[in-house]
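What follows is one structure encoded as structure tokens, with my remarks underneath.
The values are calculated or read from the model by the stated rules, or taken from the named source; none is laboratory data. Source: prediction; values computed, not measured. Backbone-built Cβ (ideal geometry, glycine too); neighbour counts: all protein chains shown. Protein only, heavy atoms only, side chains kept; ligands, DNA and RNA dropped before computing areas. Shrake-Rupley method; radii C 1.70, N 1.55, O 1.52, S 1.80 Å.
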Amino acid sequence: AQSVTQLDSHVSVSEGTPVLLRCNYSSSYSPSLFWYVQHPNKGLQLLLKYTSAATLVKGINGFEAEFKKSETSFHLTKPSAHMSDAAEYFCVVTLSGGTSYGKLTFGQGTILTVHP
Amino acid sequence: EAGVTQFPSHSVIEKGQTVTLRCDPISGHDNLYWYRRVMGKEIKFLLHFVKESKQDESGMPNNRFLAERTGGTYSTLKVQPAELEDSGVYFCASSQDNSRNTQYFGPGTRLTVL
């Protein structure tokens, strides 16, 4: 079985300050982990993915995430928030093997608000 | 290269009616997935096609939902008869293979059942 918990339903930051969106996962097998973003009235866009290579993963738009197996975490960070980062962010896990191969399990989503 | 497209973008129907959602995956992607987000809940997996075959339909809520992918290209998801609890956003995604390849998502179809 696999599951994802996003620890904050809403995060509010000021423009230019750091962003931290927290995610914990549970997986019986070696997981692949993703962060997707959904801007208003848009589809889901992949920000970054971890697939058992480097534990620090860099994505688009200055975002990065670190896979910490001991803490079962995959938190998303960005050093300096932009107004355009305001969106809903999803932490996602999928198995690298087993019968649920390819099926994505989503967290509940975190809405990021960026204030001027 | 065109992305995943979904039609319609919005659909408003009355309880008991039938609705058919369509998804066109990225050309050459054998894997096609349907997901749904009911208001206030997380996005949940519905089913997975590999070409025209259903690989995993464990997420389909009940037998009012029928998904097809004839010819292994586009897919349809029919809800018949629709109930109020079927309202939500239905997403389609496709990938080249289901190992560690990225799933590319369409913009979704927002279904409202009145």
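State the percentage of accessible surface on the stretch B:9-114 attributable to carbon and sulfur atoms; use a 1.4 Å probe and exclude ligands, DNA and RNA.
Ligands and nucleic acids excluded, carbon and sulfur give 45 percent.
Run the quick spin-label model on A:Lys68 and A:Gln45: label points 7 Å from Cα toward the beta carbon, then report their separation in nm to one decimal.
Result for the modelled spin labels: 2.8 nm.
In nm, to one decimal, how far is the B:Asn101 label point from the A:Tyr29 one, both placed 7 Å along Cα→Cβ?
1.8 nm
Checking the cross-link filter: which aspartates and glutamates have an alpha carbon closer than 18 Å to that of B:Lys54, excluding same-chain neighbours under 8 positions apart?
B:Asp24, B:Asp30, B:Glu68, B:Asp97
Rounded, prolate or oblate: which fits chain B when a ≥ b ≥ c are the square roots of the eigenvalues of the alpha-carbon gyration tensor, with rounded for a/c under 1.5 and prolate only if a/b beats b/c?
Working: a/c = 1.74, a/b = 1.66, b/c = 1.05.
Note, shape of chain B comes out prolate.
Please compute the length gained on full extension between B:Tyr74 and B:Thr18, using 0.36 nm multiplied by the number of residues separating them and subtracting their Cα-Cα distance.
Here the segment from B:Tyr74 to B:Thr18 would lengthen by 18.2 nm.
Of all GluC sites (Glu not before Pro) in the stretch B:43-114, which ones are in loop regions per DSSP and have a Cβ with at most 16 other Cβ atoms within 10 Å? Each step should come with its number before you reach the end.
Numbers: sites: B:Glu52, B:Glu57, B:Glu68, B:Glu83, B:Glu85; in loops: B:Glu52, B:Glu57, B:Glu83.
Sites meeting the loop and neighbour criteria: B:Glu52, B:Glu57, B:Glu83.
Rounded to the nearest whole Å², what accessible area per residue is found for the stretch A:17-116 with the 1.4 Å probe?
Accessible area per residue, the stretch A:17-116: 45 Å².
Averaged over every viewing direction, what's the projected area of the C-alpha convex hull for the protein assembly as shown? Give it in nm², one decimal, please.
It is 12.5 nm².
May I ask you to list the chymotrypsin sites (Phe, Trp or Tyr not before Pro) in the stretch A:4-49 that are in a DSSP loop and have at most 14 other Cβ atoms within 10 Å of their Cβ?
Listed in order of number, the matching sites are A:Tyr29.
Among residues other than B:Arg64 whose Cβ falls under 14 Å from its Cβ, what is the net charge (Lys/Arg +1, Asp/Glu -1)?
For residues surrounding B:Arg64, the net value is -1.
What trypsin sites (Lys or Arg not before Pro) in the stretch A:39-116 are in a loop by DSSP, with at most 15 other Cβ atoms within 10 Å of the Cβ? Write out the running numbers ahead of the final one.
Values: sites: A:Lys42, A:Lys49, A:Lys58, A:Lys68, A:Lys69, A:Lys103; in loops: A:Lys42, A:Lys69, A:Lys103.
Those satisfying the criteria are A:Lys42, A:Lys69.
Note down the relative contact order for chain A as a percent, whole number, built from C-alpha pairs under 8 angstrom at least six residues apart.
37 percent
What are the residues of the stretch B:84-98 that lose 20 Å² or more of accessible area, with a 1.4 Å probe, going from their chain alone to all protein chains?
Residues shielded by partner chains are B:Phe91, B:Asn98.
Given Cβ point charges of +1 (Lys, Arg) and -1 (Asp, Glu) and nothing else, what value in debye, to the nearest 20, does the dipole of the stretch A:1-86 about its Cα centre take?
Approximately 200 debye in magnitude.
For chains A and B, what's the summed buried accessible area, probe 1.4 Å, to the nearest 100 square angstrom? Please list the in-between numbers first.
Numbers: alone 6250 and 6590 Å², together 11110 Å².
Approximately 1700 Å², summed over both chains.
Carbon and sulfur together cover what percent of the accessible area of chain A at a 1.4 Å probe radius?
52 percent
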